[in-house]
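Engineer: What follows is a structure written as structure tokens; I'll ask about it next.
The values are calculated or read from the model by the stated rules, or taken from the named source; none is laboratory data. As the structure is a prediction and not an experimental result, all values here were calculated from the model. Here the Cβ is made from the backbone with ideal geometry for all residues, glycine too, and neighbour counts use every protein chain on show.
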Amino acid sequence: MTGPVTAAIGRSAPAYLAFFAVFFAALVAVHWPVLGLPYFWDELGQFIPAALDILHLNAWVPKTTLPNVHPPGVMAWLALVWKIFGYSVVATRLAMLAVAALGVLATFLVAIELCRPLPGAPAFLAPLLLMCSPLFWSQSVMAQLDMPAMTFTMVALWLFLKNRFGLAAAACVVLVLCKETSLAVPFVFGCWLLWERRWQSALLFFAPALALGAWLLVLRSATGHPLGNDEFTQYNIAFQLHPVRLPVTLLRRLFYLLVDNYHLLGSVAIGWVMLKRAPATFRTRPWSLVGSVALLQIVLVSVFGGAALERYLMPVIPMFYCAVAASLALVPATPRVAATLVMVAGLFSSILISSPLAYPFENNSAFVSFVHLQQRAATFVEAELPGQTVVSAWPLPDALRRPEFGYVSKPIPVRGIGNFDLATVRAVGEIEVLVLYSRTWEPGWGALKAPWIREFLTKYYLYKPQITRREIERDLGLAPIARWEENGQWIEIYTRSRLPNVLILQ
């Protein structure tokens, strides 16, 4: 068995390498302007510090940031890259793009397996849609866990479809060491093989659970807590298990996957094929397997994860694009071409054009504007307000404390607060410098302007409106000295007295 598999891989390796190189070059090209962009949000708050701890301290459980249940796989990859090429933001971005290119290749290979009986060459459409996806565009360059989880989910799925169960199990070990919720994938594989009475092959898929269990034992030994800390456990498990929040999260998941960013066109095509054109298309073993993995993954990331971020769907999105590609292959030529062009153009435009709905900046290029504004404020504080203590909400305090994150040349005294609501800011007491900025997407024409939406978010999602300029001036005695805006986002700096030769509200 091993000989034929090795020979087959050897014969195919040059083609795989060529496609990987093409995908990697394409990803580098479309991300060229942001390769040197300083780290964003959870990157500098969790994953980059954890990776630096592995590099500098050989500490697999983080020392310089709060440890949690996330396994160290992605951070170990970054530490290895830095060990070989030296630490830099550019090295980090390229390391993640390499993983993303492997994910595009794996999506292409899975699409080939799923679309073999269909006319034309629909397998090429799935990786194209993925590379045009605004969420993939942003996540593919970030040092976070969900894009690597997507990559190794698709690698494992392809290997499983090829009946290379040993390699699929090995890929699943890597997968669960990238993100713990990916345990759903080997669970489905193992159950599938048990159903088919392939007992020995099914046993292979216990290995990922053992690997994850070993990590949890290490984490508990180092922290005394099975998931790293109580705060993380409370927010990411208990918070979601609520009779209102859980169904809302499931609806959000389905909306983003099936409707948002022009996905509705693909969903219509899938529905038409399933109900009218060729109902048996998605009833095969491969498609049933893909559907099982996708469904369990959606449920798992809806139940766990207090923030309910769209990036948690990254492992499922390529499967959706494979289904769209297969469905469009069965649609008549004129509507197929029209739907494909509109969907590709719509996805790509969504990288730059923001939705009126409330969403995280990391869902598209909005995170770039966020980082640009943080850079401007950090540069200003370092140059114009030396020695003064800055008060601001996370993640800016971490950016000011650690020069290696790319914002400042030396540490700046800073006091972090949880958020910018009036009570939290007033509780700080005497403030020298306050840096206030937009932490969520709240355009003047957006959904959060509706009172009933704000009331709902306040009641169920801990939403609190930010302190206003009038409240800052009246209650804190601070004056605005600088302001920057970019693509609907903003950042402001307040001090006790205006500085000479500084433009007010730039």
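Engineer: Go over the candidates Arg164, Arg197 one by one and state the one that is surrounded by 15 or more Cβ atoms within 10 Å (Cβ to Cβ) and among the charged types (D, E, K, R). If you could, list the steps in order and put the result at the bottom.
Structural biologist: Numbers: Arg197 fails: surrounded by 15 or more Cβ atoms within 10 Å (Cβ to Cβ).
It is Arg164.
Engineer: Please pick out the residue among Ala238, Ala202 that is in the same structural domain as Val185 (by TED's automatic domain parsing) and touching a residue at least 12 places away in the same chain (Cβ under 8 Å). Talk me through it step by step, then tell me what you get.
Structural biologist: Details: Ala238 fails: touching a residue at least 12 places away in the same chain (Cβ under 8 Å).
Sole residue among the options that is in the same structural domain as Val185 (by TED's automatic domain parsing) and touching a residue at least 12 places away in the same chain (Cβ under 8 Å): Ala202.
Engineer: Cβ-Cβ distance below 8 Å, separation of 6 or more or different chains: which pairs start in the stretch 107-130 with a residue that is closer than 18 Å to Ala269 by Cβ and assigned by TED's automatic domain parsing to the domain that holds Val344 and end on one that is acidic (Asp, Glu) and modelled with pLDDT of 95 or more?
Structural biologist: Sorted first by the residue in the stretch 107-130, then by its partner, the list stays empty.
Engineer: Within the stretch 422-462, can you find the residues that are surrounded by fewer than 16 Cβ atoms within 10 Å (Cβ to Cβ), modelled with pLDDT of 90 or more and within 30 Å of Ile353 (Cα to Cα)?
Structural biologist: Correct list: empty.
Engineer: Quick one: how many residues across the stretch 387-420 are closer than 27 Å to Asp475 by Cβ, in a loop (DSSP other than H, G, I, E, B) and not polar (S, T, N, Q)?
Structural biologist: 7
Engineer: Please go through the stretch 346-357 and give me each residue that is surrounded by 17 or more Cβ atoms within 10 Å (Cβ to Cβ) and not in a helix (DSSP H, G or I), ordered by number. Steps first, answer last, please.
Structural biologist: Here is the first cut: in the stretch 346-357, the ones surrounded by 17 or more Cβ atoms within 10 Å (Cβ to Cβ) are 346-348, 350-351, 354-355.
Selection gives Ile351, Ser354, Ser355.
Engineer: Taking the stretch 238-252 on its own, how many of its residues are of a type in the set (A, V, I, L, M, F, W, C), part of a helix (DSSP H, G or I) and in contact with a helix residue (DSSP H, G or I) (Cβ under 8 Å, 6 or more places away or on another chain)? Please lay out each step first, then the result.
Structural biologist: Quick first cut of the stretch 238-252, residues of a type in the set (A, V, I, L, M, F, W, C) only: 238-239, 241, 244, 246, 248, 250-251.
Next, from what is left, pick out any that are part of a helix (DSSP H, G or I): 238, 246, 248, 250-251.
Adding the requirement that they be in contact with a helix residue (DSSP H, G or I) (Cβ under 8 Å, 6 or more places away or on another chain) leaves 246, 248, 250.
So the count comes out to 3.
Engineer: Every residue in the stretch 361-394 that is of a type in the set (D, E, K, R), in contact (Cβ under 8 Å) with a residue 40 or more places away in the chain and more than 17 Å from Leu436 (Cβ to Cβ), please. I'd like the intermediate steps shown before the answer.
Structural biologist: First, the residues of the stretch 361-394 that are of a type in the set (D, E, K, R): 362, 376, 382, 384.
Next, only the ones that are in contact (Cβ under 8 Å) with a residue 40 or more places away in the chain stay: 362, 376, 384.
Scanning the stretch 361-394 gives a single hit, Glu362.
Engineer: Considering only the stretch 40-67, how many residues are in contact (Cβ under 8 Å) with a residue 40 or more places away in the chain and touching a Lys or Arg at 6+ places or on another chain (Cβ under 6 Å)?
Structural biologist: Total satisfying the criteria: 0.
Engineer: I would also like to ask the following. List, please: which pairs have Cβ atoms under 7 Å, are six or more places apart or on different chains, and start with a residue in the stretch 471-493 that is farther than 14 Å from Val371 by Cβ and end with one that is surrounded by fewer than 19 Cβ atoms within 10 Å (Cβ to Cβ) and among the polar types (S, T, N, Q)?
Structural biologist: Ala479/Ser497; Ala482/Gln506; Arg483/Gln506
Engineer: Can you confirm whether the stretch 285-305 contains a residue that is more than 30 Å from Leu114 (Cα to Cα) and not assigned by TED's automatic domain parsing to the domain that holds Tyr460? Step through it out loud before you land on a result.
Structural biologist: Pass one, the stretch 285-305, residues more than 30 Å from Leu114 (Cα to Cα): 305.
Checking which are not assigned by TED's automatic domain parsing to the domain that holds Tyr460 leaves us with 305.
Checking the stretch 285-305: at least one residue is more than 30 Å from Leu114 (Cα to Cα) and not assigned by TED's automatic domain parsing to the domain that holds Tyr460.
Engineer: Hey, among Glu492, Glu485, which residue is exposed (fewer than 15 other Cβ atoms within 10 Å of the Cβ), assigned to a strand (DSSP E or B), touching a Leu at 6+ places or on another chain (Cβ under 9 Å) and modelled with pLDDT of 75 or more? Talk me through it step by step, then tell me what you get.
Structural biologist: Numbers: Glu492 fails: exposed (fewer than 15 other Cβ atoms within 10 Å of the Cβ).
Among Glu492, Glu485, only Glu485 is exposed (fewer than 15 other Cβ atoms within 10 Å of the Cβ), assigned to a strand (DSSP E or B), touching a Leu at 6+ places or on another chain (Cβ under 9 Å) and modelled with pLDDT of 75 or more.
Every residue, every condition in (1) more than 19 Å from Leu296 (Cβ to Cβ); (2) small (Gly, Ala, Ser); (3) loosely packed, with under 15 Cβ neighbours inside 10 Å, yes or no:
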{"position": "Cys172", "(1), (2), (3)": "no, no, no"}
{"position": "Val185", "(1), (2), (3)": "no, no, no"}
{"position": "Trp192", "(1), (2), (3)": "no, no, no"}
{"position": "Phe205", "(1), (2), (3)": "no, no, no"}
{"position": "Leu210", "(1), (2), (3)": "yes, no, yes"}
{"position": "Arg220", "(1), (2), (3)": "yes, no, yes"}
{"position": "Gly224", "(1), (2), (3)": "yes, yes, yes"}
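Engineer: Name the residue, out of Phe124, Phe85, Phe108, that is more than 30 Å from Ile417 (Cα to Cα), touching a helix residue (DSSP H, G or I) at 6+ places or on another chain (Cβ under 6 Å) and surrounded by fewer than 17 Cβ atoms within 10 Å (Cβ to Cβ). First the steps, then the outcome.
Structural biologist: Values: Phe124 fails: touching a helix residue (DSSP H, G or I) at 6+ places or on another chain (Cβ under 6 Å); Phe108 fails: surrounded by fewer than 17 Cβ atoms within 10 Å (Cβ to Cβ).
The match here is Phe85.
Engineer: For the stretch 364-402, give me each residue that is aromatic (Phe, Trp, Tyr) and closer than 19 Å to Val428 by Cα.
Structural biologist: Within the stretch 364-402, the first condition is being aromatic (Phe, Trp, Tyr), and the residues that meet it are 367, 370, 380, 394.
Of everything in the stretch 364-402, just one residue is aromatic (Phe, Trp, Tyr) and closer than 19 Å to Val428 by Cα, namely Trp394.
Engineer: Something else now. Here is a list of conditions, (1) in a helix (DSSP H, G or I); (2) within 30 Å of Leu341 (Cβ to Cβ), and Asp260 meets all of them except one; can you say which number that is?
Structural biologist: The one condition Asp260 does not meet is (1).
Engineer: Pick out the one residue from Val368, Val342 that is modelled with pLDDT of 95 or more, surrounded by fewer than 16 Cβ atoms within 10 Å (Cβ to Cβ) and of a type in the set (A, V, I, L, M, F, W, C).
Structural biologist: Working: Val368 fails: surrounded by fewer than 16 Cβ atoms within 10 Å (Cβ to Cβ).
None of the others qualify; the one that does is Val342.
Engineer: Sticking with this structure for a sec: What number goes with the only condition from (1) surrounded by 15 or more Cβ atoms within 10 Å (Cβ to Cβ); (2) basic (Lys, Arg); (3) within 16 Å of Pro72 (Cβ to Cβ) that Arg252 does not pass?
Structural biologist: (3)
Engineer: Taking the stretch 179-233, which residues are within 21 Å of Gln144 (Cβ to Cβ) and hydrophobic (A, V, I, L, M, F, W, C)? Reasoning before the result, please.
Structural biologist: Of the stretch 179-233, the ones within 21 Å of Gln144 (Cβ to Cβ) are 179-185, 208, 211-212, 215-216, 219, 227-229, 231-233.
The answer is Leu183, Ala184, Val185, Ala211, Leu212, Trp215, Leu216, Leu219, Leu227, Phe232.
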